[in-house]
Amino acid sequence: MFSDQPKNDGPIVQKSVKDISTDEISLPNGFEWTQVDITDPDTMQRLYELLRDHYVEDDDNQFRFDYPIEFLQWTLKMPNYKPEWHLGIQSAKDKKLLGFISGTPLKLTVNE
């Protein structure tokens, strides 16, 4: 089943970050994009509360996403992290953080 012969499968995806659109996606009125500054204690508290109160780790909604702020910062500040890849959606009125998405830079080699 396994072979000692090297495989030259090639890239899985032949696109780079440069191929990704930089056009901002419009949000409905009352919402706005924000860069989530993970070095700011107040912002991290808002992020922590969002994740703790609204994100769950299982299909039965039993296990809450309740990691300490220090752990969240550690995971989001991995080597070569990109602050602009920490994006949130907030209320335009009171700046309450309503959503969060982040990206992680990664180099991966499959087979060779």
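The values are calculated or read from the model by the stated rules, or taken from the named source; none is laboratory data. Fair warning: this is a prediction, and the values are worked out from it, not measured in the lab. FYI the Cβ positions are ideal-geometry reconstructions off the backbone, even for glycines, and counts take in every protein chain you see. Surface accessibility is based on the protein's heavy atoms, side chains included, excluding ligands, DNA and RNA. Shrake-Rupley method; radii C 1.70, N 1.55, O 1.52, S 1.80 Å.
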Checklist line | Selection from the range 35-58 of residues that are under 15 Å from the mean Cα position of the chain (by Cα) and among the charged types (D, E, K, R) | finding: 37
Check: Among the residues of the range 89-112, which ones are among the aliphatic types (A, V, I, L, M) and part of a strand (DSSP E or B)?
Finding: 89, 97, 98, 101
Note to self: Whether any residue in the range 50-67 is surrounded by 14 or more Cβ atoms within 10 Å (Cβ to Cβ), assigned to a loop (DSSP other than H, G, I, E, B), out of contact with any Ser or Thr (no Cβ under 6 Å at 6 or more places or on another chain) and modelled with pLDDT of 90 or more is what I want to check.
What the structure shows: no
Next item on the list: Identify the residue in the range 74-88 that is part of a strand (DSSP E or B) and open to solvent by less than 50 Å² (accessible area, probe 1.4 Å) and, among all such residues, is nearest to residue 49 (Cα to Cα).
Entry: 88
